[in-house]
1. Say a site is exposed when it is one of the chymotrypsin sites (Phe, Trp or Tyr not before Pro), sits in a DSSP loop, and has at most 14 other Cβ atoms within 10 Å; what is then the longest site-free stretch of chain B?
2. Where the convex hull is taken over the Cα atoms of the protein assembly as shown, what is its projected area averaged over directions, in nm²?
3. What full-extension length gain, to one decimal in nm, is calculated for residue A:55 and residue A:22 as 0.36 nm per residue of separation minus the Cα-Cα distance?
4. Straight-line reach from residue B:35: which aspartates and glutamates have a Cα under 15 Å away, not including same-chain ones fewer than 8 places off?
5. Which shape class, rounded, prolate or oblate, goes with region A:2-85 when its Cα gyration tensor gives a ≥ b ≥ c as root eigenvalues, a/c under 1.5 marks rounded, and past that a/b bigger than b/c marks prolate?
6. How high is the relative contact order of region A:2-85, given as a whole-number percent (alpha carbon pairs under 8 Å, six or more residues apart)?
7. With a point put 7 Å past each Cα toward its Cβ, work out how far residue B:101 is from residue A:2 in nm, to one decimal.
8. For the pair residue A:78 and residue B:8, what calculated FRET efficiency results from E = 1/(1 + (r/R0)^6), where r is the Cβ-Cβ distance and R0 = 45 Å, to the nearest 0.05?
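Bear in mind these aren't lab numbers, they're just calculated from the coordinates by the rules spelled out. Nothing here was measured: the structure is a model prediction, and the numbers come from that model. Cβ coordinates were reconstructed from backbone atoms using ideal geometry, including for glycine residues, and neighbour counts include every protein chain displayed.
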Amino acid sequence: MIVTYALIFAFACFGFGLLSTMWRMLVGPTQADRILALDTMVINFIALIVLYGISQGTALYFEASMLIAMVGFVSTVALCRFVLRGDIIE
Amino acid sequence: MDQDLSLLAELLVAFFLVVGGFFALVGSIGLIRLKDTLQRLHAPTKASTVGVGGALIGSMLYFLFFEDQLSFHELLITLFLFLTAPITANFIAKTYMQDKIRRKDLPESGRDYGWALYDHPPEMTEEEK
């Protein structure tokens, strides 16, 4: 029962985090801000998937969150390199 | 007795979830409210370390106590995030520097060579060739 309330609180917090990253991504003002917002969005999303796994009582979602963590890291680095050098693999 | 232990386990899981959620909240408020890009780079690190870490440890304890399965996936995800967070922060800071900071605003690098982002790479000497 206590876990249910804690889950609702954590869902609300990470959901608010997702909204704030979306706002920062739309507003900017620099490219670095937008890339940072996308990176944080991925991190909040990982936490949301893990929380959903708890609420469903299944451990199926860990592989998904692990994969999303890896894809998020690679895409952040690729975006940064594209902005820095105009090319991803030189 | 068993009821007490179950309550204790629930409290422990709830504690980690609430701590994780609180740090995520702090990080996202910082992402909205801070004034400068490099200041904003600092805020989401809370969400990415303690925030996600709290949620993952909470889920690990939950599955250990209530589903009777011990899994280490969560620790793997936490480890991966801890390893990659500095690299992404470095890349984002470099992106910002290239965008907004000029070479003349920076002090000398204090080494034989200049800044990696602005200056040419050092020439190879004859011996190294």
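1. Details: sites that count: B:72, B:113, B:115, B:118.
After excluding every exposed loop site, the longest remaining stretch is B:1-71.
2. Mean projected area for the protein assembly as shown: 15.6 nm², to one decimal.
3. 9.4 nm
4. The reachable aspartates and glutamates, counting only those whose Cα sits under 15 Å from residue B:35, are A:33.
5. oblate
6. After rounding, I find 28 percent.
7. 4.6 nm
8. On the way: r = 46 Å, r/R0 = 1.01.
Using R0 = 45 Å, I get an efficiency of 0.50.
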